[in-house]
Amino acid sequence: NAPIVIVIGNDNAWGAIRQQQIERGHKLIATELTDRRYEKMAEMLGGYGEYVTDPNDISKVLRKAFRSNKPVVVNVKISSCQSPYMKWFGKGH
């Protein structure tokens, strides 16, 4: 029952592994995922979940999430981006 809000930037990939394969010029192997609905886990456990595909909806969804007084997962569909892992431990390290 902790009122915590978790936001997931979901690019449907194993980001750090995918980025390593790209950086090293390897073929992409087993890094792409089908659409995952992580917010459904919160709902199954009595929390609140939202799936966001339009960036214009994020602030509205976050206001609603913070008012819910429940554990919340906000699953935000994003395009692929560099993993923080690669920033810290990537190419050349």
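The values are calculated or read from the model by the stated rules, or taken from the named source; none is laboratory data. Only a predicted model underlies this, so the values are computations on that prediction, with no experimental measurement involved. Glycine also receives a Cβ, built like all others from the backbone with ideal geometry; neighbour counts cover every protein chain displayed. All accessible areas refer to the heavy atoms of the entire protein, side chains included, with ligands and DNA or RNA removed. Shrake-Rupley method; radii C 1.70, N 1.55, O 1.52, S 1.80 Å.
Figure legend. Inter-residue proximity from the range 24-36: first residues free of Cβ contacts under 8 Å to residues at least 12 places away in the same chain and more than 16 Å from residue 80 (Cα to Cα), second residues of a type outside the set (S, T, N, Q) and not in a loop (DSSP other than H, G, I, E, B), beta-carbon distance below 8 Å, spacing 6+ or different chains. No pairs are indicated. The set of residues from the range 45-67 being part of a loop (DSSP other than H, G, I, E, B) and either surrounded by 14 or more Cβ atoms within 10 Å (Cβ to Cβ) or out of contact with any strand residue (DSSP E or B) (no Cβ under 6 Å at 6 or more places or on another chain) (or both) comprises 45, 46, 47, 54.
Among residues of the range 57-69 that are touching a residue at least 60 places away in the same chain (Cβ under 8 Å), those with a beta-carbon under 7 Å from a residue that is outside any helix (DSSP H, G or I) and open to solvent by 70 Å² or more (accessible area, probe 1.4 Å) at least six positions away or on a different chain give the pairs 69/3. Assessment of the range 24-32 against the conditions (farther than 11 Å from residue 71 by Cα and open to solvent by less than 60 Å² (accessible area, probe 1.4 Å)) yields at least one matching residue. Scan the range 1-16 residue by residue and report those that are hydrophobic (A, V, I, L, M, F, W, C) and either part of a strand (DSSP E or B) or surrounded by 15 or more Cβ atoms within 10 Å (Cβ to Cβ) (or both). Result: 5, 6, 7, 8, 13, 14, 16.
Go through the residues of the range 82-90 one by one and say whether even a single one is assigned to a loop (DSSP other than H, G, I, E, B), at pLDDT below 95, open to solvent by 50 Å² or more (accessible area, probe 1.4 Å) and among the hydroxyl-bearing types (Ser, Thr, Tyr). No, because not a single residue in the range 82-90 is assigned to a loop (DSSP other than H, G, I, E, B), at pLDDT below 95, open to solvent by 50 Å² or more (accessible area, probe 1.4 Å) and among the hydroxyl-bearing types (Ser, Thr, Tyr). Anything in the range 17-44 that is outside any loop (DSSP other than H, G, I, E, B) and touching a helix residue (DSSP H, G or I) at 6+ places or on another chain (Cβ under 8 Å)? List them, or say none. Across the range 17-44, the qualifying residues are 19, 20, 23, 32.
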